[in-house]
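Notes follow once the structure below has been shown.
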Amino acid sequence: MEKGKKQIVMSGIRPTGFLHLGNYFGALRNYVRMQDEYECYFMVADLHSLTTHPDTKELKGHVHRVLAENIASGLDPEKAALFCQSHVRETSELYLYLNMLAYKGELEKTPTFKDKVRLQPDNVNAGLLTYPVLMAADILLHRAALVPVGKDQEQHLEIARTYATRFNHRYGDVFPGPQAFNFGQALVKVPSLDGEGKMSKSENQNATLYLADSDDVIRKKVKKAKSDSGPTEPNSVKPDYIENLFLLMSLVCEKDVIEKFESDYNNCTIQYGKLKEQLGEDMVKFIAPIREKAESIRTNEKYLNEVMEKGAEKARKSANATMEQVRKHMGLVY
Ligand code: TYM
């Protein structure tokens, strides 16, 4: 890296529904922490959403919501480029070139592809198969080194690194190998409240806490979280669903509160009703200000258009510089 030059960061979120705590702690929290120190490109991945949501009636509203929730979480569009994927057309060109370095057999083995095939057997389109190629194009387009994402995106990052290496071998050094990133820790997976899988935009909605949930809905969802009658042996190993409750507490509760419940657990006096009440209140305290701010931004179309245009301009500049190198190295300059 050139001296004095900031490292490049890139990431994205699909506009397929309401954002939730998983998106916040896997992605948004990192974006906000990175925007001062790095050159950041953060986007709404509208093209990716077409692989699973071909009906675009609600797309505009969802794009606006994702932008608003990014800003309400603390992202400053003056510092980071905040843009919409389809506004940077160079993405499609790089996606095409990378497709020539992507092997069908490898793509078919990707766990996220297998999951989608199970979920939508009637729409196994080529875009779904090449989803990781488009994601690699998003990242490599800015020659990003760091990609803040949750644990579920780890394999996609591995694929992006493979394509970067393949391209560099075949045509010469253009791309750094991008790394999945979480501030100072392992990648995060925020579990759902029912102990089954992770929080998600479209599945498991009653067990997912959304940044747009009202105070009452938050309290109700937390109250219904899976628990049991408590341990009977001191210092027992926690079952997964209890471990999940403690993990959620670690995201929003004060340290001494968590320590008290840990010690109650270890000496078998824990009352899960009390724990959930506390967790519910702390979740409300955490989510309410983001929800209120997002609500006031979401309907301000003029402002959101300005943000998107400014972000896209910055992103196109970076994309153009990369694509010039790509075409030159590939020998596509005649
Ligand atoms: P998406 O829209 O599914 O999720 C957006 C971000 O939220 C993280 N995330 C989670 N983190 C922790 N716990 C959870 N329960 C949880 N659920 C979601 C995701 O890891 C992600 O960081 N393919 C991407 C979008 C994308 C992208 C990119 C990301 C398109 N191009 C380029 C990075 C770089 C996706 O579907 O994210």
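Note on region 140-180 and region 1-66: Cα centroid distance 17 Å, given to the nearest whole angstrom.
Which of Asp215, Asp46, Asp115 ends up with the largest GNM mean-square fluctuation for the chain, with Cα atoms connected below 10 Å? So, out of Asp215, Asp46, Asp115, the one fluctuating most is Asp115.
In square nanometres and to one decimal, what's the mean projected area of the convex hull around the Cα atoms of region 113-154? Please list the in-between numbers first.
Values: hull surface 13.8 nm².
Over every viewing direction, the Cα hull of region 113-154 projects on average to 3.4 nm².
Do any of Lys60/Lys220; Lys220/Lys276; Lys116/Lys189; Lys223/Lys274; Lys151/Lys310 go past 21 Å between their Cα atoms, and which?
Details: Lys60/Lys220 30 Å; Lys220/Lys276 10 Å; Lys116/Lys189 19 Å; Lys223/Lys274 10 Å; Lys151/Lys310 30 Å.
Check vs 21 Å cut-off fails for Lys60/Lys220; Lys151/Lys310.
Straight-line reach from Lys6: taking Cα to Cα under 17 Å and skipping same-chain neighbours fewer than 8 places apart, the lysines in range are Lys79, Lys314, Lys317.
Calculate, in nm to one decimal, what Glu196 and Lys220 gain on full extension: separation in residues at 0.36 nm each, minus their alpha carbon distance.
Working: separation 24, 0.36 × 24 = 8.64 nm, distance 1.79 nm.
Contour length minus the Cα-Cα distance gives 6.9 nm.
Averaging 1/r over every pair of different alpha carbons in region 104-176 and inverting the result gives a Kirkwood radius of 13.1 Å.
In the chain, a dipole from Cβ-located charges (positive for Lys and Arg, negative for Asp and Glu) runs towards its positive end, and of Ser296, Ser192, Ile159 it is Ile159 whose Cα lies farthest in that direction. The stretch between Ala186 and Ser250, if pulled fully straight at 0.36 nm per residue, gains 21.6 nm over its current Cα-Cα span.
Take the Kirkwood radius over Cα pairs of region 205-294, plug it into Stokes-Einstein at 37 °C and 0.692 mPa s, and you get 242 µm²/s for translational diffusion. Taking 0.36 nm per residue of separation and subtracting the Cα-Cα distance, full extension of the segment from Gln155 to Gln120 would add 10.5 nm. Placing R0 at 56 angstrom, the Cβ-Cβ distance between Glu243 and Met330 gives a FRET efficiency of 0.70 after rounding to 0.05. Counted by neighbouring Cβ atoms within 10 Å, the residues His53, His169 run from fewest to most as His169, His53. By the beta-carbon count within 10 Å of each Cβ, the least crowded to most crowded order of Cys40, Cys84, fewest first, is Cys84, Cys40. Considering only Gly61, Phe183, Gly273, the residue lying farthest towards the positive end of the dipole of the chain is Gly61, judged by Cα position with unit charges set on Cβ. The Cα-based radius of gyration and maximum Cα-Cα distance (Dmax) for the chain are 21.3, 76 Å.
None of the figures in this text is laboratory data; all of them are computed from the coordinates on show. Please read these numbers as outputs of a predicted model, since none were measured by experiment. We place every Cβ from the backbone using ideal geometry, glycine too, and count neighbours over all the protein chains shown.
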